[in-house]
Amino acid sequence: MLQNRLQPVLDPYALARELSNKLLIEGAFVPAKSGKTFPIVSPATGEKVAEAAEAEAADVEAAVAAAAKAQRGWAKLAARERGKLVAECGRLLNEHVEELGRLVALETGKALRTESRVEASVLADVFIFYGGLGSELKGETVPFRPDMLTMTLREPIGVVGAIIPWNVPMMLMALKIAPALVAGNAVVVKSAEEAPLAVLRACQIMNQVLPAGVLNILSGFGPECGGPLVAHPKVGKVTFTGSVETGKIVYKTAAEKLIPVTLELGGKSPMIVMGDADLEKAVAGAIVGMRFTRQGQSCTAASRIFVHESIHDAFVDKLKAKVDAMKMGDPLDETTDIGTIISKQQFEKVQSYIKIGEETPGAKALRCSAMPKDKKLEKGLFVQPVIFTGISNDSRVAREEIFGPVTCVIKFKDYEDAIRQANDSEYGLAATIWTKDLKTALDAAHRLEAGFVQVNQNLVVQANLSYGGVKSSGLGKEASLEAMLEHFTTKKTVIVNMA
Ligand code: NAI
Ligand code: MG
């Protein structure tokens, strides 16, 4: 446990410097054993804001050893006691919402008002939600024979390795570690190389109340730090969010050890707008669904919007007008709606897809909003949102995950065709349908190949609703009680012979 209650630091630059060159192992800040660091750059200005410690196999070893040692005592606590401490983490994180929002805005370029502050409060909420679920780690009694008591127990797995991405780092970390901890596991987190600061701070805050070693966090690169974590013999479960390619590598390594994995991978989520839909609501839903405020950097982004031909043109006009009205700018400015892309690499990927789209025969690219004019943002990784029209579901921009502010509006004539096209994708994470007809809505809910289907709305992840995809979008579920029980415990059967 760290001493002296931490106070929020509202200057994100100062906090970023303070968090430089630190891993959190066994409740204490340490540098990487090699002494190596890598720069963290603000994507809005291009300036270096911190140096993150670069963990490798030796640091993974230290973190896993600390976790394994701490886990034994942690698992012995009553489940409700663990839950209380996890809920206390949520309350402490709540006191740091503003601080964490600012810090994540600085390192990721996500706008404070529309994204970063919201993410920080979701982080706290996830811990409060799971903190109340300790006593739900129930087994069953099974009628077997009258002279035998037969029951099942939910037991922790041991040490969980959690690998997280940069797009919503705090929230995605929370969905992994809160249920893992309540279930009696210890955790080693590997943060994304682009966004290690806010998650490190969040873990520091939680280590004020958690026993040392129960929650450890490493920053470092994929193959050098994430790889050894997945491969470590003492890691009994891996939970990963990121790309399909890396997900497959993680899965293969886990297969060699025969350990369970949860994989939250990409998406190309369809949104079907029927001719009878409420146009205003559907357009607003497309803006939320496409996560334009997060520069489209979301695995659930509504990046294929199928619109009935009778309202197609009106839909596109309204969507363009609404996105035009959004302000791109400094992520830390309260008036900004849309910030920047995370990194040069992602920026180039997005630009290359915009080019591919523009070169597609028949395609029209509607560039929305306006680039910021501020001199200090000259080097910022800003990309104007793009709405593609006149392209088909077979085009590359409609098939491949862009992970940027680029959506495709595709015209359709009949419902059957819309369902067929919506399902014609490698992915199956989320889907929405917009219609006033209940029969169509329910039919679509049954037929859309996705882990999460919504009708006439586009809510983001909720702590109590199970979330996760089918097909190449992943394996297993996150959020909800079910995710904790099924993915962070093992079930043991016990028979007591009383004869
Ligand atoms: P990535 O999947 O390579 O990275 C995600 C995490 O995995 C990071 O912490 C990274 O360090 C780690 N990692 C990378 N290689 C690893 C390995 N060999 N072993 C263990 N861990 C490893 O994703 P990246 O490179 O950041 O982005 C590439 C694309 O992935 C994006 O353009 C986007 O399409 C997709 N993506 C999807 C996300 C989602 O929410 N489903 C989140 C981030 C990216
Ligand atoms: Mg990668």
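The values are calculated or read from the model by the stated rules, or taken from the named source; none is laboratory data. Remember, it's a predicted structure, so these values are computed and weren't measured experimentally. All Cβ positions, even for glycine, are placed from backbone atoms using ideal geometry, and neighbour counts span all protein chains on display. The area values use the complete protein model at the heavy-atom level, side chains included, leaving out ligands, DNA and RNA. Shrake-Rupley method; radii C 1.70, N 1.55, O 1.52, S 1.80 Å.
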>> Scan the range 312-328 and tell me whether some residue there is in contact with a Gly (Cβ under 7 Å, 6 or more places away or on another chain) and either hydrophobic (A, V, I, L, M, F, W, C) or in contact (Cβ under 8 Å) with a residue 60 or more places away in the chain (or both).
In response: no
>> Suppose we keep only residues that are open to solvent by less than 10 Å² (accessible area, probe 1.4 Å) and assigned to a loop (DSSP other than H, G, I, E, B) within the range 304-341. Which one would you say is nearest to residue 112 (Cα to Cα)?
In response: 331
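Which one of 69, 84 is over 27 Å from residue 194 (Cα atoms), basic (Lys, Arg), in the same structural domain as residue 233 (by TED's automatic domain parsing) and in contact (Cβ under 8 Å) with a residue 60 or more places away in the chain?
On the way: 84 fails: in contact (Cβ under 8 Å) with a residue 60 or more places away in the chain.
Selected residue: 69, the only one of 69, 84 that is over 27 Å from residue 194 (Cα atoms), basic (Lys, Arg), in the same structural domain as residue 233 (by TED's automatic domain parsing) and in contact (Cβ under 8 Å) with a residue 60 or more places away in the chain.
To keep it simple, each residue is scored yes or no on (1) aliphatic (A, V, I, L, M); (2) out of contact with any Phe, Trp or Tyr (no Cβ under 6 Å at 6 or more places or on another chain); (3) not assigned by TED's automatic domain parsing to the domain that holds residue 366.
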{"site": "389", "(1), (2), (3)": "no, yes, no"}
{"site": "399", "(1), (2), (3)": "no, yes, no"}
{"site": "412", "(1), (2), (3)": "no, no, no"}
{"site": "433", "(1), (2), (3)": "yes, yes, no"}
{"site": "450", "(1), (2), (3)": "yes, yes, no"}
{"site": "455", "(1), (2), (3)": "yes, yes, no"}
{"site": "481", "(1), (2), (3)": "yes, yes, yes"}
> Pick from 401, 416, 359: which is closer than 26 Å to residue 196 by Cβ and not polar (S, T, N, Q)?
Replying inline: 401
> Given (1) surrounded by fewer than 22 Cβ atoms within 10 Å (Cβ to Cβ); (2) under 20 Å from the mean Cα position of the chain (by Cα), where does residue 45 come up short, assuming only one miss?
Replying inline: (2)
>> Taking the condition of being farther than 23 Å from residue 135 by Cβ and crowded, with 22+ Cβ neighbours inside 10 Å, how many residues in the range 84-98 meet it?
In response: 1
>> Please list, ordered by residue number, the helices (runs of 4 or more DSSP H) wholly in the range 384-499 having 3 or more residues that are touching a strand residue (DSSP E or B) at 6+ places or on another chain (Cβ under 9 Å), open to solvent by less than 60 Å² (accessible area, probe 1.4 Å) and touching a residue at least 60 places away in the same chain (Cβ under 8 Å).
In response: 415-423, 480-487
> If you take the residues in the range 1-42 that are free of Cβ contacts under 8 Å to residues at least 60 places away in the same chain and part of a helix (DSSP H, G or I), which one is least open to solvent (accessible area, probe 1.4 Å)?
Replying inline: 14
>> Taking the condition of being part of a loop (DSSP other than H, G, I, E, B), away from ligand 1 (no atom under 16 Å from the Cβ) and open to solvent by less than 30 Å² (accessible area, probe 1.4 Å), how many residues in the range 361-383 meet it?
In response: 5
> Which condition breaks for residue 301 when tested against (1) closer than 27 Å to residue 413 by Cα; (2) open to solvent by less than 20 Å² (accessible area, probe 1.4 Å); (3) in a helix (DSSP H, G or I)?
Replying inline: (3)
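Any idea which of 63, 75 is modelled with pLDDT of 95 or more, crowded, with 23+ Cβ neighbours inside 10 Å and not basic (Lys, Arg)? Even if it seems obvious, please write down each step before you answer.
Numbers: 75 fails: crowded, with 23+ Cβ neighbours inside 10 Å.
63 is the lone residue from the list that is modelled with pLDDT of 95 or more, crowded, with 23+ Cβ neighbours inside 10 Å and not basic (Lys, Arg).
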> Where in the range 186-267 are there strands (runs of 3 or more DSSP E), lying fully within it, with 2 or more residues that are surrounded by 22 or more Cβ atoms within 10 Å (Cβ to Cβ) and within 13 Å of ligand 2 (Cβ to nearest atom)?
Replying inline: 235-241
>> Of all residues being assigned to a helix (DSSP H, G or I) and of a type in the set (Gly, Ala, Ser) in the range 67-83, which is nearest to residue 130 (Cα to Cα)? Just the residue, please.
In response: 83
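Per-residue answers, yes or no, for (1) under 21 Å from residue 71 (Cα atoms); (2) within 14 Å of ligand 1 (Cβ to nearest atom); (3) assigned by TED's automatic domain parsing to the domain that holds residue 346:
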| position | (1), (2), (3) |
| --- | --- |
| 192 | no, yes, no |
| 216 | yes, no, no |
| 222 | no, yes, no |
| 230 | yes, yes, no |
| 242 | no, yes, no |
| 253 | no, yes, no |
| 277 | no, no, yes |
